[in-house]
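The values are calculated or read from the model by the stated rules, or taken from the named source; none is laboratory data. Just so we're clear, the structure is a prediction, and the values are computed from it rather than from any experiment. Note that each Cβ is placed from the backbone with ideal geometry, even for glycine, and that neighbours are counted across all protein chains shown.
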Amino acid sequence: MINSPSDTDSLQFADLVLNVERREAMCRSNRVEIKGKQLQLLSYLMANAETVVSRQAIYQDVWRFTFDPGTKRIEVQVSFLRKKLLTLGCTVSIRTHRGAGLQLCRSVDSDVSRVRNCTVRPAFESVLKSKNLVHLDKAYDGRLGMPRRRVSFILREHFSMMAFAGALDALVTANLMSSAPVFEIQVVGGDDSPVMSDVGIALSPQRTLAQLDEKQQSIIIVCGGFRVRLEEDVQLKAKLRSAAGGGAVLGGLWNGAYFLAEAGLLDDHHCAFHPDGRAMMAELFPKVRIASQSHVLDRQRISCAGANSALDMMLGVLRNTLDQELVSAIEEVLNCDNGREVSDVSVVTIDTDPTVPEVLKDALQLMHNNIEDPIEIDALARHVGICRRHLERLFSRHVNATPPRYYMELRLTRARQLLQQTSRPLIDIAVASGFATLPHFQRCFRLKFEMTPGQFRKRSRLRN
């Protein structure tokens, strides 16, 4: 039976007291003003505490509507009330039951349970670690002793800026994702003068070709372009041959592989080359195996056919060089827009994988759409039409975490994004991330990121 608020001046549920006459909610010594529809709605929910009240009943008894107008009136007011309950620090929360309605209930038991779970395994476990890796200070402390790989980009006049930037971006992002840089990068020119790119922007080299210590380089890449002149360069040929003797990986962007072939370093190797120059390559270098792929990694030789494939080529190098966890984090940043649509339901590897079961994608979508007001896992399983045990198996196989663990990490990822990219108060961010109390939010965030939300925001602003 649904009750209407009584004529009494105050209502109480658990540690929440509402003084209707003063339009004030209280919890211990904390007070907050509540008026208008928020006052009416909270009074109604407190009069029906622990009871699930339907939207239709709320519209009828609070708004005096005899129909559901199909708007977000209730959701907006509930969001405001949740923030105020969070400000009070009470043990009461407003829970949404999908397809049923709203319920005012005690939140302390569920919060303690969630904190307990969070305490047991504080580190990120799910695939969402790739979204947060750059913000986890201790993720790659083990690499502090790893020697840096030296990479040199040799720029030819009218080199492709887009191809160069794509290859460079992969290496720079790898350094950002690791607590210690894993690549030492330098730009090399024929002499001291700036090298003009194909878009009319000149870059000043850090070294001349004569100054390049090729035997100390791990990777040397010759940057070509549509207007780069393909002709013999005696000094470059000597440097490339010397580097090959030292075991360096040699590569070419666009038509940069010409200079490797001209030095005799692509014989019996597959090579990606811009289509406009493939006939010439086949004619001049019959021992080179011209491939139709956009990029090729063949033993110690790497090549790409144009600007768009330079990033993919370098990501391939990283997959052969770094561990999968770090590569996944790099791809999360750089590969998000590979398709026509940029999805943000989970991570790139899940969103773009056609082998992931649709029922799992539906569950992930529901979680993503219900961060502020989390769905219970049993209800989530029912909604996608499978049992909870089957849902747990799918999460374990594809997401590397249980559904509750993934949901918690998803909510903390949203909180991290809001802390980093907005100036909203911590209370607003806690509510937007689905936490019923501010201490619970702060505790779980600190366990994952090893700092409080306030410390994280301050550090982010200093880095920017």
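Being of a type in the set (Asp, Glu) and under 21 Å from Pro286 (Cβ atoms) is the filter here, so list the residues in segment 210-259 that pass it. Before the answer, list the steps.
Let us first name the residues in segment 210-259 that are of a type in the set (Asp, Glu), namely 213-214, 231-233.
Glu231, Glu232 - these are the residues of segment 210-259 that are of a type in the set (Asp, Glu) and under 21 Å from Pro286 (Cβ atoms).
Please state which of the following conditions Cys90 fails to meet, knowing it meets all the rest: (1) exposed (fewer than 15 other Cβ atoms within 10 Å of the Cβ); (2) not in a helix (DSSP H, G or I).
Of everything listed in (1) exposed (fewer than 15 other Cβ atoms within 10 Å of the Cβ); (2) not in a helix (DSSP H, G or I), Cys90 misses just condition (1).
Can you tell me which residue is nearest to the chain's Cα centre (by Cα) among those in segment 177-215 that are β-branched (Val, Ile, Thr) and within 18 Å of Lys237 (Cβ to Cβ)?
Here the answer is Val188.
Go through segment 229-304 and tell me which helices (runs of 4 or more DSSP H), entirely inside it, have 1 or more residues that are closer than 19 Å to Phe164 by Cβ and of a type in the set (A, V, I, L, M). Give the steps one after another, and end with the answer.
Working: elements: 234-245, 257-262, 278-284.
By residue number, 234-245, 257-262.
Here are some residues: Ala310, Ala261, Ala282. Which one is surrounded by fewer than 20 Cβ atoms within 10 Å (Cβ to Cβ) and more than 19 Å from the chain's Cα centre (by Cα)? Walk me through how you get there before you give the answer.
On the way: Ala310 fails: surrounded by fewer than 20 Cβ atoms within 10 Å (Cβ to Cβ); Ala261 fails: surrounded by fewer than 20 Cβ atoms within 10 Å (Cβ to Cβ).
Being surrounded by fewer than 20 Cβ atoms within 10 Å (Cβ to Cβ) and more than 19 Å from the chain's Cα centre (by Cα) holds for just one of Ala310, Ala261, Ala282, which is Ala282.
May I ask you to verify whether Leu438 is in contact with a Pro (Cβ under 7 Å, 6 or more places away or on another chain) and either within 30 Å of Leu81 (Cβ to Cβ) or surrounded by fewer than 18 Cβ atoms within 10 Å (Cβ to Cβ) (or both)?
Numbers: in contact with a Pro (Cβ under 7 Å, 6 or more places away or on another chain): no; either within 30 Å of Leu81 (Cβ to Cβ) or surrounded by fewer than 18 Cβ atoms within 10 Å (Cβ to Cβ) (or both): yes.
So Leu438 does not fit the description; no.
For segment 337-356, indicate whether the set of residues that are within 20 Å of Ala165 (Cα to Cα) and either β-branched (Val, Ile, Thr) or modelled with pLDDT of 85 or more (or both) is non-empty.
no
Among the residues of segment 419-435, write down those that are crowded, with 19+ Cβ neighbours inside 10 Å and within 24 Å of Thr96 (Cβ to Cβ).
The initial filter retains those residues of segment 419-435 that are crowded, with 19+ Cβ neighbours inside 10 Å, namely 419, 426, 429-435.
Once the filter is applied, which keeps residues that are crowded, with 19+ Cβ neighbours inside 10 Å and within 24 Å of Thr96 (Cβ to Cβ), segment 419-435 yields Leu426, Ile429, Ala430, Val431, Ala432, Ser433, Gly434, Phe435.
Select from segment 443-464 the residues that are outside any loop (DSSP other than H, G, I, E, B) and in contact (Cβ under 8 Å) with a residue 12 or more places away in the chain and list them in ascending order. Walk me through how you get there before you give the answer.
At the first step, the residues of segment 443-464 found to be outside any loop (DSSP other than H, G, I, E, B) are 443-449, 453-463.
Matches in segment 443-464: Arg443, Cys444, Phe445, Leu447, Lys448, Phe449, Pro453, Gly454, Phe456, Arg457, Ser460.
Got a number for residues in segment 170-183 being in contact (Cβ under 8 Å) with a residue 40 or more places away in the chain, farther than 17 Å from Ser130 by Cβ and not in a loop (DSSP other than H, G, I, E, B)? Step through it out loud before you land on a result.
Kept after step one, since they are in contact (Cβ under 8 Å) with a residue 40 or more places away in the chain, are these residues of segment 170-183: 170-171, 173-174, 176-180, 182.
So of that shortlist, the ones also farther than 17 Å from Ser130 by Cβ come out as 171, 180.
Of the ones still in play, those that are also not in a loop (DSSP other than H, G, I, E, B) are 171.
Going through segment 170-183 one residue at a time, the tally reaches 1.
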